[in-house]
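Structure record follows, encoded as structure tokens.
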Amino acid sequence: MEEVHALKKSSTTVQEPPGPVVHRPTPPPAWQPRTDPAPLLPDPEPYRVLGTEAVTDADPELLRRLYAELVRGRRFNAQATALTKQGRLAVYPSSTGQEACEVAAALVLQEQDWLFPSYRDTLAVVARGLDPVQALTLLRGDWHTGYDPREHRIAPLATPLATQLPHAVGLAHAARLKGDDVVALALVGDGGTSEGDFHEALNFAAVWKAPVVFFVQNNGFAISVPLAKQTAAPSLAHKAVGYGMPGRLVDGNDAPAVHAVLTEAVRRARSGGGPTLVEAVTYRIEAHTNADDATRYRGDGEVEAWRAHDPVRLLEHELTERGMLDGDGIRKAADDADAMAARLRDRMNAEPELDPMDLFAHVYAEQTAQLREQAAQLRAELDASDEPADAGQGEAR
Amino acid sequence: MTTVASRAPRTDLAAKPATMAQALRRAMRDAMADDPAVHILGEDVGTLGGVFRVTDGLAAEFGEDRCTDTPLAEAGILGTAVGMAMYGLRPVVEMQFDAFAYPAFEQLASHVAKMRNRTHGALPLPITIRVPYGGGIGGVEHHSDSSEAYYMATPGLHVVTPATVEDAYGMLRAAIASDDPVVFLEPKRLYWSKARWSPEAPVVVEPIGRAVVRRTGLSATLVTYGPSLTVCLEAAEAARAEGWDLEVVDLRSLVPFDDETVVASVRRTGRAVVVHESNGFGGPGGEIAARINERCFHHLEAPVLRVAGFDIPYPPPMLEQHHLPGVDRVLDAVARLQWEADS
């Protein structure tokens with residue numbers, strides 16, 4: 001004020017000698033900091049429970065359950081991979097090495113919550129309680145989705161990367177608008193974080209404070225492209241800060257740690273705190289799928305280093321050391337897993353029953369005239385063929 | 001799909017000529033009043049009421065949770081609508097301008113169009129995707145595309161476009177009521193076209209999937225839809241001086257396609273011109289002409305002709321009148337239907 005006054009004075013009072021030139025700085029923009037980034041930043045080191053004092057706080061029942069599920073998951077991956085070699089599955093993207101992430105993702109959810117899996121997340125879907133044969137329908141090739149998503153609150157396994165993330169946001173948002181206590185947990189890989197839909201989903205979720213948890217399983221590679229060529233971010237969890245949500249970094253091979261971090265993120269979402277981005281650092285032990293040759297893009301040494309940090313062995317070691325698991329317990333878990341695999345093998349060896357007329361049954365609520373014509377054409381072709389029309393065994397491949 | 005009566009507007013539109021934009025807004029308003037599951041979603045649809053004011057007043061009447069201004073991200077708008085529909089809502093999304101909808105195309109093609117099919121019928125997606133489309137309003141680039149061929153080429157979508165005020169109301173109500181995704185193309189140069197839209201005597205519109213003969217004639221059939229309907233009706237009037245009695249079929253729905261109405265008309269007239277402003281090569285006219293040829297070959301007196309936009313990216317506004325099929329170009333095509341005389 002004084003400066004303005006002084007200037008005014010000097011311009012109107014001509015008799016007085018000019019005073020010193022007063023510098024008036026241009027005003028700053030009308031800007032206020034929106035949020036403090038510090039609480040959103042992930043810890044620099046992945047959170048761990050195994051091998052730390054945090055184990056003593058963990059629920060022993062939970063630890064034993066996680067172990068049993070890990071062993072089953074490992075066995076499931078092995079059996080499904082074997083089924084690809086027998087031609088029973090068209091393809092299987094193994095999650096061997098990532099079982100802790102898969103199992104924890106399923107176990108942190110309540111019944112009314114929704115899981116949004118990607119194509120590699122069969123284990124999570126099975127651990128949530130879905131019939132394994134229904135979970136493998138996509139990969140077997142007899143239909144795209146083998147279950148009613150609304151009945152199980154599991155979205156279809158998504159193949160295009162990150163496109164399921166906005167679905168999770170929309171569903172969680174809709175549930176909240178209806179006043180329902182529902183959290184959506186959306187799974188995505190490290191490669192998926194480069195997709196536009198990842199960005200748009202996180203942005204929408206943060207703006208809407210939607211009850212969503214984004215769970216990135218960073219297994220090191222998007223098919224053959226390593227993380228260093230995927231992103232220049234300090235970590236994938238750091239991406240959260242730009243959207244205004246917390247980012248959390250966890251050891252993805254430490255089942256109780258993943259469970260704890262996801263539980264906290266789910267709790268936060270449920271209580272109206274909005275979304276969280278969790279990055280689990282893990283490793284894909286097998287190739288991308290059985291159609292991929294991982295030796296072309298990574299060395300044995302790297303794989304061996306990660307085998308030493310195996311999620312099943314880590315938990316087994318911890319539980320044995322603490323006297324919570326003995327040889328009998330280990331054998332029992334293995335026997336249960338073998339029995340599960342045997343049942344799966346038997347059921348997958350049975351030929352699926354296919355109805356070719358299903359091709360036209362689920363395009364629209366009401367078939368268009370064009371589809372009715374085409375359905376009639378196929379019907380006629382089936383009737384003319386030697387095959388019994390409604391059996392259609394083995395026609396899929 | 002259901003037949004919807006163009007029902008009585010309550011106050012503001014009564015006893016006045018209504019624009020297509022007003023009828024569309026009324027359709028959304030009445031759908032929202034009838035069904036709490038109907039939610040509007042898009043960029044600028046709330047406080048501003050949409051850049052064309054088609055959603056004007058909906059946020060004020062129903063609240064921001066029902067008519068929501070989203071972040072500026074079309075894939076996010078449509079992708080979140082998928083999740084909302086999975087949870088039982090009936091989202092109506094706005095894609096501000098035709099060419100702004102392209103980022104959402106993956107969601108549209110990979111999920112919206114396929115979710116019912118992927119899930120063996122368990123998860124239908126009742127989503128209406130409103131896309132203001134087409135040129136003729138002097139818009140700069142990316143504001144005037146006719147993108148209907150992309151949508152038509154994607155099985156699982158309904159693709160419809162009204163050309164009258166009555167249809168704008170009735171078809172949008174039907175689209176929102178549909179249990180399948182509907183790409184609802186709004187011809188933006190007809191937004192301000194008016195009609196006496198009588199609130200006392202509801203006009204029943206044909207259900208989605210049916211074409212309508214807007215003008216009967218005996219010499220040839222003009223098959224058209226959306227923004228080109230007015231061009232064709234004008235051309236039909238002008239053609240009377242040349243002795244041509246033209247029939248004009250308004251398709252209204254590109255998917256599903258009403259072969260029955262089109263075929264009946266062309267068999268009566270023996271000649272057909274397909275008129276649309278989207279480009280001709282790979283455009284809707286090729287499909288329509290092929291369908292007519294397959295079904296009417298022995299009834300045709302001349303090849304089925306197409307009058308379409310040129311095969312160019314949409315031109316700048318000062319040149320668009322040279323690109324858009326106008327009355328003269330339609331009349332030239334009609335003149336070329338004198339096939340037996342020339343050959």
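Results, tabulated for the structure shown:
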read-out: Residue that is nearest to the other protein chains (Cβ to nearest Cβ), among those in region B:19-43 that are crowded, with 21+ Cβ neighbours inside 10 Å and more than 20 Å from residue B:188 (Cα to Cα); value: B:39
read-out: Selection from region B:260-287 of residues that are in contact with a Ser or Thr (Cβ under 7 Å, 6 or more places away or on another chain) and over 28 Å from residue B:312 (Cα atoms); value: B:265, B:266, B:269
read-out: Residues of region A:138-166 satisfying the condition of being surrounded by fewer than 24 Cβ atoms within 10 Å (Cβ to Cβ) and more than 9 Å from chain B (Cβ to nearest Cβ); value: A:139, A:140, A:141, A:142, A:152, A:153, A:161
read-out: Unmet requirement for residue A:297, which otherwise passes all of (1) surrounded by 16 or more Cβ atoms within 10 Å (Cβ to Cβ); (2) in contact with a strand residue (DSSP E or B) (Cβ under 9 Å, 6 or more places away or on another chain); value: (1)
read-out: Selected residue (criterion: surrounded by the most Cβ atoms within 10 Å (Cβ to Cβ)) from residues of region B:249-284 that are within 11 Å of chain A (Cβ to nearest Cβ) and within 14 Å of residue B:152 (Cβ to Cβ); value: B:253
read-out: One residue from A:169, A:125 being under 24 Å from residue B:89 (Cβ atoms) and buried (at least 24 other Cβ atoms within 10 Å of the Cβ); value: A:169
read-out: Filter result for residue A:117 (more than 10 Å from chain B (Cβ to nearest Cβ), touching a Leu at 6+ places or on another chain (Cβ under 6 Å), over 27 Å from residue B:65 (Cβ atoms) and buried (at least 24 other Cβ atoms within 10 Å of the Cβ)); value: yes
read-out: Helices (runs of 4 or more DSSP H) contained entirely in region B:58-173, each with at least 3 residues that are away from chain A (no Cβ under 14 Å) and within 23 Å of the chain's Cα centre (by Cα); value: B:148-152
read-out: Qualifying residue in region A:344-364 (condition: without any contact (Cβ under 8 Å) to a residue 40 or more places away in the chain, over 30 Å from residue B:157 (Cα atoms), surrounded by fewer than 16 Cβ atoms within 10 Å (Cβ to Cβ) and hydrophobic (A, V, I, L, M, F, W, C)); value: yes
read-out: Top-ranked residue in region B:44-54 [being out of contact with any Asp or Glu (no Cβ under 7 Å at 6 or more places or on another chain) and crowded, with 18+ Cβ neighbours inside 10 Å; ranked as farthest from residue B:144 (Cα to Cα)]; value: B:54
read-out: Any hit, region B:141-152, residues being among the hydrophobic types (A, V, I, L, M, F, W, C), under 24 Å from residue A:166 (Cα atoms) and in contact with a strand residue (DSSP E or B) (Cβ under 7 Å, 6 or more places away or on another chain); value: no
read-out: Tally, over region B:315-329, of residues that are assigned to a helix (DSSP H, G or I) and out of contact with any Pro (no Cβ under 6 Å at 6 or more places or on another chain); value: 9
read-out: First in region A:50-78 and under 16 Å from residue A:258 (Cα atoms), second anywhere and outside any helix (DSSP H, G or I) and not charged (D, E, K, R), Cβ under 8 Å, 6 or more apart; value: A:55/A:49; A:58/A:49; A:60/A:324; A:63/A:324; A:64/A:324; A:64/A:325; A:67/A:325; A:73/A:95
read-out: Output for region A:296-322, where each listed residue is out of contact with any helix residue (DSSP H, G or I) (no Cβ under 9 Å at 6 or more places or on another chain), assigned to a helix (DSSP H, G or I) and modelled with pLDDT of 90 or more; value: A:296, A:301, A:302, A:304, A:305, A:306, A:317, A:321
read-out: Residue check, residue B:305 over 25 Å from the mean Cα position of the chain (by Cα), crowded, with 18+ Cβ neighbours inside 10 Å and under 22 Å from residue B:225 (Cα atoms); value: no
read-out: Residues (within 14 Å of another protein chain (Cβ to nearest Cβ), part of a helix (DSSP H, G or I) and farther than 27 Å from residue A:135 by Cα) located in region A:323-376; value: A:369, A:370, A:371, A:372, A:373, A:374, A:375
read-out: Count - residues of region A:36-58 that are over 17 Å from residue A:278 (Cβ atoms) and loosely packed, with under 11 Cβ neighbours inside 10 Å; value: 5
read-out: Test: residue A:250 is touching a residue at least 24 places away in the same chain (Cβ under 8 Å), β-branched (Val, Ile, Thr) and away from chain B (no Cβ under 13 Å); value: yes
read-out: Unmet requirement for residue A:142, which otherwise passes all of (1) at pLDDT below 95; (2) touching a Lys or Arg at 6+ places or on another chain (Cβ under 6 Å); value: (2)
read-out: Options A:124, A:184, A:210, A:205: the member that is under 21 Å from residue A:248 (Cβ atoms), in contact (Cβ under 8 Å) with a residue 60 or more places away in the chain and within 8 Å of another protein chain (Cβ to nearest Cβ); value: A:184
read-out: Checklist (1) at pLDDT 95 or above; (2) in contact with a Gly (Cβ under 8 Å, 6 or more places away or on another chain) applied to residue A:273, failing item; value: (2)
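The values are calculated or read from the model by the stated rules, or taken from the named source; none is laboratory data. Nothing here was measured: the structure is a model prediction, and the numbers come from that model. All Cβ positions, glycine included, derive from the backbone under ideal geometry; neighbour counts span all protein chains shown.
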